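To start, the structure under review is shown below, and the notes come after it.
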(Lines give C-alpha, C1' and ligand atoms only; values in the text may rest on other atoms or scores of the structure.)
Protein backbone atom coordinates (compact mmCIF):
# COMPACT_ATOMS: atom_id res chain seq x y z
CA UNK A 1 0.00 0.00 0.00
CA UNK A 2 1.35 3.44 -0.90
CA UNK A 3 1.12 5.97 1.95
CA UNK A 4 0.62 9.65 1.24
CA UNK A 5 3.12 11.56 3.40
CA UNK A 6 1.91 14.98 2.39
CA UNK A 7 0.69 17.18 5.26
CA UNK A 8 -2.84 18.48 4.66
CA UNK A 9 -2.86 22.26 4.52
CA UNK A 10 -5.62 24.21 6.20
CA UNK A 11 -6.67 27.59 4.90
CA UNK A 12 -5.91 30.22 7.61
CA UNK A 13 -9.40 31.76 7.21
CA UNK A 14 -11.06 28.39 7.79
CA UNK A 15 -8.78 27.69 10.74
CA UNK A 16 -9.70 30.95 12.36
CA UNK A 17 -13.40 30.14 11.94
CA UNK A 18 -12.90 26.74 13.51
CA UNK A 19 -11.16 28.28 16.51
CA UNK A 20 -14.13 30.58 17.11
CA UNK A 21 -16.51 27.64 17.38
CA UNK A 22 -15.15 26.71 20.77
CA UNK A 23 -15.53 23.26 22.32
CA UNK A 24 -17.84 20.69 20.74
CA UNK A 25 -21.51 20.93 21.84
CA UNK A 26 -22.91 18.24 24.07
CA UNK A 27 -26.57 17.08 24.38
CA UNK A 28 -28.90 18.86 26.86
CA UNK A 29 -29.05 17.55 30.42
CA UNK A 30 -31.82 14.97 30.96
CA UNK A 31 -33.86 17.28 33.18
CA UNK A 32 -34.04 19.95 30.47
CA UNK A 33 -35.15 17.39 27.91
CA UNK A 34 -37.75 16.08 30.37
CA UNK A 35 -39.18 19.58 30.82
CA UNK A 36 -39.67 19.83 27.07
CA UNK A 37 -41.44 16.48 26.99
CA UNK A 38 -43.75 17.59 29.80
CA UNK A 39 -44.66 20.78 27.91
CA UNK A 40 -45.39 18.79 24.74
CA UNK A 41 -47.47 16.31 26.76
CA UNK A 42 -49.44 19.15 28.34
CA UNK A 43 -50.14 20.76 24.97
CA UNK A 44 -51.17 17.40 23.52
CA UNK A 45 -53.43 16.71 26.49
CA UNK A 46 -55.15 20.06 26.13
CA UNK A 47 -55.77 19.49 22.42
CA UNK A 48 -57.18 16.03 23.19
CA UNK A 49 -59.31 17.38 26.02
CA UNK A 50 -60.82 20.14 23.95
CA UNK A 51 -61.65 17.81 21.07
CA UNK A 52 -62.67 14.59 22.85
CA UNK A 53 -64.01 15.91 26.16
CA UNK A 54 -66.54 18.14 24.45
CA UNK A 55 -68.82 15.13 24.99
CA UNK A 56 -70.93 15.89 21.94
CA UNK A 57 -71.44 14.51 18.45
CA UNK A 58 -72.55 16.20 15.25
CA UNK A 59 -76.08 16.05 13.84
CA UNK A 60 -75.07 13.58 11.13
CA UNK A 61 -73.25 11.23 13.50
CA UNK A 62 -76.19 11.32 15.91
CA UNK A 63 -78.71 10.47 13.19
CA UNK A 64 -76.55 7.69 11.79
CA UNK A 65 -76.00 6.14 15.22
CA UNK A 66 -79.66 6.18 16.22
CA UNK A 67 -80.68 4.89 12.79
CA UNK A 68 -78.95 1.61 13.62
CA UNK A 69 -81.96 0.23 15.47
CA UNK A 70 -83.78 -3.09 14.96
CA UNK A 71 -86.97 -1.39 13.76
CA UNK A 72 -85.23 0.69 11.10
CA UNK A 73 -86.71 3.96 12.38
CA UNK A 74 -84.89 7.14 11.37
CA UNK A 75 -83.95 9.84 13.87
CA UNK A 76 -84.28 13.58 13.33
CA UNK A 77 -82.23 16.43 14.80
CA UNK A 78 -83.89 19.80 15.33
CA UNK A 79 -83.17 23.17 16.90
CA UNK A 80 -85.63 25.06 19.09
CA UNK A 81 -85.11 28.79 19.53
CA UNK A 82 -87.04 30.97 21.96
CA UNK A 83 -85.28 34.18 20.90
CA UNK A 84 -82.67 34.08 23.66
CA UNK A 85 -81.55 30.44 23.69
CA UNK A 86 -80.92 27.76 21.10
CA UNK A 87 -81.77 24.22 22.14
CA UNK A 88 -80.74 21.21 20.07
CA UNK A 89 -82.80 18.07 20.40
CA UNK A 90 -83.00 14.69 18.70
CA UNK A 91 -86.15 12.60 18.38
CA UNK A 92 -87.02 9.12 17.17
CA UNK A 93 -90.30 7.20 17.01
CA UNK A 94 -93.97 7.63 16.11
CA UNK A 95 -96.02 10.70 17.02
CA UNK A 96 -99.01 8.50 17.88
CA UNK A 97 -97.19 7.10 20.92
CA UNK A 98 -96.46 8.71 24.32
CA UNK A 99 -93.38 10.95 24.38
CA UNK A 100 -90.39 10.40 26.67
CA UNK A 101 -88.21 13.48 27.17
CA UNK A 102 -84.67 12.64 28.32
CA UNK A 103 -82.62 15.25 30.22
CA UNK A 104 -78.93 14.53 30.78
CA UNK A 105 -76.61 15.35 33.66
CA UNK A 106 -73.33 17.28 33.84
CA UNK A 107 -71.11 17.18 31.90
CA UNK A 108 -72.87 15.32 29.11
CA UNK A 109 -75.15 15.80 26.10
CA UNK A 110 -78.09 14.22 24.29
CA UNK A 111 -76.03 11.29 22.96
CA UNK A 112 -75.84 10.03 26.56
CA UNK A 113 -79.26 8.48 25.85
CA UNK A 114 -78.41 6.64 22.61
CA UNK A 115 -78.63 3.24 24.27
CA UNK A 116 -82.23 3.86 25.34
CA UNK A 117 -83.29 5.54 22.12
CA UNK A 118 -82.25 2.53 20.02
CA UNK A 119 -83.94 -0.01 22.28
CA UNK A 120 -86.71 -1.72 20.26
CA UNK A 121 -88.78 -2.39 23.40
CA UNK A 122 -88.98 1.33 24.07
CA UNK A 123 -89.42 2.25 20.40
CA UNK A 124 -92.50 0.02 20.30
CA UNK A 125 -94.01 1.91 23.24
CA UNK A 126 -92.90 5.52 22.87
CA UNK A 127 -91.45 8.30 20.83
CA UNK A 128 -88.23 9.51 22.46
CA UNK A 129 -86.69 12.96 22.53
CA UNK A 130 -83.36 13.95 24.08
CA UNK A 131 -82.19 17.53 24.55
CA UNK A 132 -78.78 19.12 24.84
CA UNK A 133 -79.18 21.17 28.01
CA UNK A 134 -78.05 24.84 27.78
CA UNK A 135 -74.26 25.01 27.58
CA UNK A 136 -73.82 21.42 26.37
CA UNK A 137 -73.82 19.64 23.02
CA UNK A 138 -74.97 22.17 20.45
CA UNK A 139 -77.16 24.27 22.75
CA UNK A 140 -75.10 27.46 23.17
CA UNK A 141 -72.08 25.24 23.86
CA UNK A 142 -69.79 26.52 26.60
CA UNK A 143 -72.21 29.19 27.88
CA UNK A 144 -73.54 28.12 31.27
CA UNK A 145 -77.07 28.86 32.45
CA UNK A 146 -76.92 28.21 36.18
CA UNK A 147 -80.63 28.90 36.71
CA UNK A 148 -82.56 25.62 36.98
CA UNK A 149 -85.76 27.62 36.65
CA UNK A 150 -84.56 29.06 33.33
CA UNK A 151 -83.49 25.69 31.97
CA UNK A 152 -86.81 24.14 32.98
CA UNK A 153 -88.75 26.96 31.29
CA UNK A 154 -86.82 26.51 28.04
CA UNK A 155 -87.39 22.74 27.88
CA UNK A 156 -91.03 23.22 28.93
CA UNK A 157 -91.50 25.55 25.95
CA UNK A 158 -90.22 22.78 23.69
CA UNK A 159 -92.55 20.22 25.31
CA UNK A 160 -95.47 22.61 24.93
CA UNK A 161 -94.72 22.90 21.21
CA UNK A 162 -95.07 19.12 20.67
CA UNK A 163 -97.65 18.40 23.40
CA UNK A 164 -100.62 18.14 21.02
CA UNK A 165 -99.05 15.19 19.14
CA UNK A 166 -98.84 12.81 22.08
CA UNK A 167 -101.16 10.96 24.43
CA UNK A 168 -98.84 11.43 27.39
CA UNK A 169 -95.51 13.10 28.24
CA UNK A 170 -92.98 11.40 30.52
CA UNK A 171 -89.95 13.40 31.66
CA UNK A 172 -86.85 11.37 32.56
CA UNK A 173 -83.92 13.14 34.22
CA UNK A 174 -80.52 11.80 35.26
CA UNK A 175 -78.23 13.43 37.86
CA UNK A 176 -78.40 17.23 37.31
CA UNK A 177 -80.95 16.46 34.60
CA UNK A 178 -83.11 15.10 37.41
CA UNK A 179 -82.98 18.52 39.05
CA UNK A 180 -84.27 20.12 35.85
CA UNK A 181 -86.89 17.38 35.34
CA UNK A 182 -88.26 17.90 38.86
CA UNK A 183 -88.40 21.66 38.28
CA UNK A 184 -90.38 21.15 35.06
CA UNK A 185 -92.84 18.89 36.89
CA UNK A 186 -93.35 21.42 39.70
CA UNK A 187 -93.55 24.55 37.51
CA UNK A 188 -95.54 23.03 34.64
CA UNK A 189 -97.55 20.11 36.08
CA UNK A 190 -99.97 20.25 33.14
CA UNK A 191 -97.17 19.17 30.79
CA UNK A 192 -95.94 16.15 32.75
CA UNK A 193 -97.87 12.87 32.96
CA UNK A 194 -95.01 10.84 34.40
CA UNK A 195 -91.65 11.58 36.04
CA UNK A 196 -88.53 9.41 36.36
CA UNK A 197 -85.65 10.59 38.56
CA UNK A 198 -82.47 8.56 38.04
CA UNK A 199 -79.58 9.26 40.43
CA UNK A 200 -81.10 12.74 40.64
CA UNK A 201 -79.56 15.58 42.60
CA UNK A 202 -82.48 17.11 44.48
CA UNK A 203 -81.48 17.50 48.15
CA UNK A 204 -79.55 20.71 48.96
CA UNK A 205 -75.96 20.04 49.98
CA UNK A 206 -76.08 16.27 49.55
CA UNK A 207 -73.64 15.77 46.69
CA UNK A 208 -69.88 15.65 46.27
CA UNK A 209 -68.05 18.74 45.05
CA UNK A 210 -64.48 18.05 43.95
CA UNK A 211 -61.87 20.52 45.23
CA UNK A 212 -60.66 21.16 41.67
CA UNK A 213 -64.00 22.83 40.90
CA UNK A 214 -63.07 25.88 42.96
CA UNK A 215 -59.65 26.94 41.57
CA UNK A 216 -60.59 26.16 37.96
CA UNK A 217 -63.32 28.80 38.03
CA UNK A 218 -60.64 31.51 38.40
CA UNK A 219 -59.84 33.34 35.15
CA UNK A 220 -56.16 32.34 35.35
CA UNK A 221 -57.01 28.62 35.21
CA UNK A 222 -60.40 28.58 33.53
CA UNK A 223 -58.91 28.47 30.02
CA UNK A 224 -57.40 25.07 30.84
CA UNK A 225 -60.83 23.48 31.38
CA UNK A 226 -62.75 22.04 28.38
CA UNK A 227 -66.01 24.00 27.82
CA UNK A 228 -68.37 21.19 28.86
CA UNK A 229 -66.52 20.80 32.18
CA UNK A 230 -66.43 24.56 32.69
CA UNK A 231 -70.24 24.63 32.35
CA UNK A 232 -70.51 21.69 34.77
CA UNK A 233 -68.32 23.56 37.28
CA UNK A 234 -70.54 26.63 37.11
CA UNK A 235 -73.66 24.53 37.63
CA UNK A 236 -72.11 22.55 40.48
CA UNK A 237 -71.05 25.59 42.47
CA UNK A 238 -74.49 27.21 42.18
CA UNK A 239 -76.45 24.01 42.70
CA UNK A 240 -77.05 24.31 46.44
CA UNK A 241 -78.77 27.68 46.02
CA UNK A 242 -80.84 26.40 43.09
CA UNK A 243 -82.09 23.42 45.12
CA UNK A 244 -82.96 25.64 48.07
CA UNK A 245 -85.20 27.65 45.72
CA UNK A 246 -87.07 24.43 44.86
CA UNK A 247 -87.92 23.44 48.45
CA UNK A 248 -91.43 24.86 48.37
CA UNK A 249 -92.27 23.58 44.87
CA UNK A 250 -92.36 19.84 45.47
CA UNK A 251 -96.02 19.93 46.57
CA UNK A 252 -96.95 21.10 43.07
CA UNK A 253 -95.72 17.86 41.46
CA UNK A 254 -98.76 15.72 40.64
CA UNK A 255 -97.32 13.21 38.18
CA UNK A 256 -96.68 9.59 39.20
CA UNK A 257 -92.97 9.26 39.87
CA UNK A 258 -90.34 6.53 39.84
CA UNK A 259 -87.09 7.18 41.74
CA UNK A 260 -84.00 5.11 40.93
CA UNK A 261 -80.77 5.42 42.90
CA UNK A 262 -77.68 3.36 43.71
CA UNK A 263 -76.95 2.66 47.37
CA UNK A 264 -73.22 3.11 46.69
CA UNK A 265 -73.57 6.43 44.86
CA UNK A 266 -70.75 8.60 46.26
CA UNK A 267 -71.36 11.48 43.85
CA UNK A 268 -75.07 12.20 44.40
CA UNK A 269 -75.66 10.64 47.80
CA UNK A 270 -78.50 8.10 48.28
CA UNK A 271 -80.27 10.43 50.72
CA UNK A 272 -81.38 12.40 47.64
CA UNK A 273 -83.77 9.57 46.75
CA UNK A 274 -85.30 9.50 50.24
CA UNK A 275 -85.60 13.29 50.22
CA UNK A 276 -87.51 13.23 46.91
CA UNK A 277 -89.77 10.46 48.18
CA UNK A 278 -90.62 12.49 51.29
CA UNK A 279 -91.30 15.66 49.30
CA UNK A 280 -93.62 14.14 46.69
CA UNK A 281 -96.68 14.31 48.95
CA UNK A 282 -99.13 15.14 46.14
CA UNK A 283 -97.79 12.84 43.45
CA UNK A 284 -100.40 10.35 42.24
CA UNK A 285 -97.98 7.48 42.91
CA UNK A 286 -94.37 7.20 44.06
CA UNK A 287 -92.10 4.19 43.68
CA UNK A 288 -88.53 4.27 44.95
CA UNK A 289 -85.99 1.63 43.88
CA UNK A 290 -82.65 1.62 45.69
CA UNK A 291 -80.19 -0.46 43.66
CA UNK A 292 -77.94 -2.31 46.07
CA UNK A 293 -74.20 -1.85 45.58
CA UNK A 294 -74.55 0.34 42.49
CA UNK A 295 -72.94 3.76 42.12
CA UNK A 296 -73.83 6.80 40.01
CA UNK A 297 -73.44 5.08 36.64
CA UNK A 298 -76.73 3.15 36.55
CA UNK A 299 -77.07 3.58 32.79
CA UNK A 300 -74.09 1.24 32.34
CA UNK A 301 -74.37 -0.96 35.42
CA UNK A 302 -78.15 -1.48 35.60
CA UNK A 303 -79.54 -0.73 32.11
CA UNK A 304 -82.18 -3.47 32.21
CA UNK A 305 -83.66 -2.11 35.43
CA UNK A 306 -83.88 1.37 33.91
CA UNK A 307 -85.58 0.12 30.75
CA UNK A 308 -88.07 -1.99 32.73
CA UNK A 309 -88.85 0.94 35.01
CA UNK A 310 -89.53 3.19 32.05
CA UNK A 311 -91.70 0.53 30.43
CA UNK A 312 -93.65 0.27 33.66
CA UNK A 313 -94.26 4.00 33.57
CA UNK A 314 -95.34 3.81 29.93
CA UNK A 315 -97.76 0.96 30.66
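The values are calculated or read from the model by the stated rules, or taken from the named source; none is laboratory data. Values in this document were obtained by computation on a predicted structure and should not be read as measured data. Here the Cβ positions follow ideal geometry from the backbone for every residue, glycine too, while neighbour counts run over all protein chains shown.
Some observations on this one:
- Any hit, region 303-314, residues being in contact with a helix residue (DSSP H, G or I) (Cβ under 9 Å, 6 or more places away or on another chain), farther than 27 Å from residue 209 by Cα and buried (at least 17 other Cβ atoms within 10 Å of the Cβ): yes
- For region 111-150, a residue qualifies if it is within 18 Å of residue 169 (Cα to Cα) and not in a loop (DSSP other than H, G, I, E, B), and the qualifying residues are 113, 116, 117, 121, 122, 123, 127, 128, 129, 130, 131.
- Being modelled with pLDDT of 95 or more, outside any helix (DSSP H, G or I) and within 25 Å of residue 189 (Cβ to Cβ) is a condition met by no residue of region 233-244.
- Candidates 215, 226, filtered to the one that is over 21 Å from residue 132 (Cβ atoms) and either outside the structural domain of residue 142 (by TED's automatic domain parsing) or at pLDDT below 95 (or both): 215
- All positions within region 160-185 that are buried (at least 24 other Cβ atoms within 10 Å of the Cβ) and assigned to a helix (DSSP H, G or I): 176, 177, 178, 179, 180, 181, 182, 183, 184, 185
Yes/no per residue for (1) at pLDDT below 50; (2) surrounded by 13 or more Cβ atoms within 10 Å (Cβ to Cβ); (3) farther than 29 Å from residue 183 by Cβ:
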| residue | (1), (2), (3) |
| --- | --- |
| 2 | yes, no, yes |
| 26 | no, no, yes |
| 42 | no, no, yes |
| 99 | no, yes, no |
| 102 | no, yes, no |
| 111 | no, yes, no |
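- Scanning region 71-92 turns up no residue that is under 18 Å from the mean Cα position of the chain (by Cα), in a helix (DSSP H, G or I) and either loosely packed, with under 14 Cβ neighbours inside 10 Å or assigned by TED's automatic domain parsing to the domain that holds residue 234 (or both).
- Count of region 250-288 residues, restricted to those that are in contact with a strand residue (DSSP E or B) (Cβ under 8 Å, 6 or more places away or on another chain), surrounded by fewer than 17 Cβ atoms within 10 Å (Cβ to Cβ) and closer than 18 Å to residue 310 by Cβ, is 3.
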